[in-house]
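*Asks:* Before anything else, here's the structure in question.
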Amino acid sequence: MSQALNMAFVGCGAIARYHLDGLLEHATNVRITACVDPDPEKAQAYAAETGGQAFTSLEEALEHGDFDAVDLMLPHDLHEDLTIQCLQAGKHVLLEKPMAPTLDACDRILQVASQTDSVFMVAENAQYWPEIVEAKKLIEAGAIGEIITARAAFVYEYDDYWFKEARPWRFERNRTGGGITIDGGSHWIRPLRMWMGEIEEVIGIVGHPLRQMEGESLTRALFRFQSGQCAQFDAMMIDTVFAPEPWWRITGTKGEITISASLSGAELWLWDAEHRDGQMVFSSPGYTASFGPEIADFAAAVLDGKTLAAGPEYALGELRAALAIYRSAESGKWESVWD
Ligand SMILES: NC(=O)c1ccc[n+]([C@@H]2O[C@H](COP(=O)([O-])OP(=O)(O)OC[C@H]3O[C@@H](n4cnc5c(N)ncnc54)[C@H](O)[C@@H]3O)[C@@H](O)[C@H]2O)c1
């Protein structure tokens, strides 16, 4: 049974705050014993808060640190090299999404992971997002009958929280692998897959209203699932003011589920014959509450051999959907996700 897991934070930027808050609340058997960031101030700030050692390079941490697992929270273009470096050093690896910006890089990571006994997990927090999980339970209980269609809308007013550096890596296509679809969009695509199964093909267009960003800041796409059902996926990150709209809307033969949320809270509503004006059936702190269970799942896999809620290969589904949207935006045609 469990003892504590010593883990290193590698990359002490924006998402590290969410990981640490979640971990302190839900994964109390995880101790942060090392904090790595080339920016010494960031590494030291997290080290001071966690009691871990500060390092300015992964090499130094691997040589002198005391940890069995790493939580890699890095610009996408660093995912492949640093994941492989950690796996080859015998560490268990929790890697923020996407696994890597290209499928070839993912293949290389998975190849190395398969040759080790380490746990390798891609952190897709939507898998643990309370309202997403609750919607899945309601759907499986038949609350809205058979799903007909769904809509996911990743609509986010541009602010500089995720873009703090002087030249943010997220503005550079060759660092992210694209724009907002491959990045935040994955958290809107995963729930669709959890509810509706695997996406077969996509058609989409992209735009660039956020001029600073080389990759797309606007996506409109349709997904066709292997089941034959379809869904709409929208993503927008624009420096404007948006009217409220549900982040997800799932339409079934007996009614609808809507999820209205922000980064600080969420409400799940059920609309059916008995509740024509809708009934709020679930509320939660939302997004912020997803990171603790995510890290706890990783820790349980390492410490107790528990099977992950979603293995790393499953995370290829969001990446493949994003890459297929990019191909479709070029070709103007439906593009297969899995070919
Ligand atoms: N799950 C989510 O909701 C969510 C949200 C935001 C970001 N993310 C993911 O988290 C990852 C990081 O994003 P972020 O927003 O925290 O970016 P960020 O730029 O805020 O932080 C990245 C950090 O990595 C550090 N870094 C750069 N090179 C390094 C190296 N060689 N070794 C160690 N540290 C290094 C940077 O100095 C920076 O502090 C990305 O994969 C991103 O897609 C996930």
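Each reported figure results from applying straightforward, stated rules to the coordinates on display, with no laboratory input. If you're wondering where the values come from, they're calculated on a predicted model, not measured in any experiment. In this analysis, Cβ positions are derived from the backbone assuming ideal geometry, glycine residues included, and neighbour counts consider all displayed protein chains.
*Asks:* 222 nm [θ] for the chain, helices only, -39500 (n - 2.57) per DSSP H run of 4+, per residue, to 500?
*Replies:* On the way: 10 runs with 109 residues, N = 339.
About -9500 deg cm²/dmol.
*Asks:* While we're looking at this one, here's another question. How big is the C-alpha Rg of the chain next to the rule-of-thumb value 2.2 N^0.38 Å, as a ratio? Mind showing how you got there, number by number?
*Replies:* Working: Rg = 19.8 Å, N = 339, 2.2 N^0.38 = 20.1 Å.
So the chain has a normalised radius of gyration of 0.98.
*Asks:* Among all the lysines, which ones have a C-alpha under 22 Å from Lys91's C-alpha, if same-chain residues fewer than 8 places away are not counted?
*Replies:* The qualifying lysines are Lys306.
*Asks:* When the gyration tensor of the stretch 93-217 is built from Cα positions, what are the square roots of 5 times its three eigenvalues, in whole Å, from largest to smallest? Kindly include the intermediate steps, with their values, before the conclusion.
*Replies:* Details: eigenvalues 145, 102, 41 Å².
Semi-axis lengths for the stretch 93-217 are 27, 23, 14 Å.
*Asks:* Rank Thr102, Gln127, Gly90 by how far each Cα sits towards the positive end of the charge dipole of the stretch 90-148 (+1 on Lys, Arg Cβ; -1 on Asp, Glu Cβ) and give me just the farthest.
*Replies:* Gly90
*Asks:* 5 Å is the cut-off here: which amide hydrogens, built 1.01 Å from N in the peptide plane, fall below it relative to Thr102, excluding neighbours closer than 5 in sequence?
*Replies:* Amide H neighbours of Thr102: none.
*Asks:* Give me the angle, in degrees from 0 to 90, between the Cα long axis of helix 79-88 and the longest principal axis of the Cα atoms of the chain, rounded to the nearest 10.
*Replies:* 50 degrees
*Asks:* Among the aspartates and glutamates, select those whose C-alpha is under 13 Å from the C-alpha of Lys42, and discard any that sit fewer than 8 residues away in the same chain.
*Replies:* Leaving aside aspartates and glutamates fewer than 8 places away in the same chain, those within reach of Lys42 are Glu165.
*Asks:* May I ask for the distance between the Cα centers of the stretch 1-76 and the stretch 117-185, given as a whole number of Å?
*Replies:* Each part's Cα centre sits 23 Å from the other's.
*Asks:* Could you list the trypsin sites (Lys or Arg not before Pro) in the stretch 209-255 that lie in coil according to DSSP, counting only those with at most 10 other Cβ atoms within 10 Å of their Cβ?
*Replies:* Numbers: sites: Arg211, Arg220, Arg224, Arg249, Lys254; in loops: Arg211, Lys254.
Qualifying residues, ordered by number: Arg211.
*Asks:* Now for a different question. Counting Lys and Arg as +1 and Asp and Glu as -1, each charge on the Cβ, what is the dipole of the stretch 189-234 about the Cα centre in debye, to the nearest 20? Let's see the in-between values first.
*Replies:* On the way: 5 positive and 6 negative charges, 25 e Å.
It comes to approximately 120 debye.
*Asks:* Okay, moving on. Going by amide H atoms built from the backbone, whose H comes under 5 Å of the H on Gly278, apart from near neighbours?
*Replies:* Those qualifying (amide H under 5 Å, at least 5 residues apart or on another chain) are Asp272.
*Asks:* In degrees between 0 and 90, to the nearest 10, how far off the longest principal axis of the chain does helix 186-196 point, with axes built from Cα atoms?
*Replies:* Computed tilt is about 50 degrees.
*Asks:* Pick out, in residue order, every one of the chymotrypsin sites (Phe, Trp or Tyr not before Pro) in the stretch 146-219 that is DSSP loop and has at most 12 other C-beta atoms within 10 Å; say none if there are none. Numbers along the way, then the final one.
*Replies:* Working: sites: Phe154, Tyr156, Tyr158, Tyr161, Trp162, Phe163, Trp169, Phe171, Trp188, Trp195; in loops: Tyr158, Tyr161, Trp162, Phe163.
The qualifying sites are Tyr161.
*Asks:* Out of all DSSP beta bridges in the chain, what portion is antiparallel? Express it as a percent rounded to 5.
*Replies:* Details: 40 of 70 bridges.
Of the beta bridges lying entirely in the chain, close to 55 percent run antiparallel.
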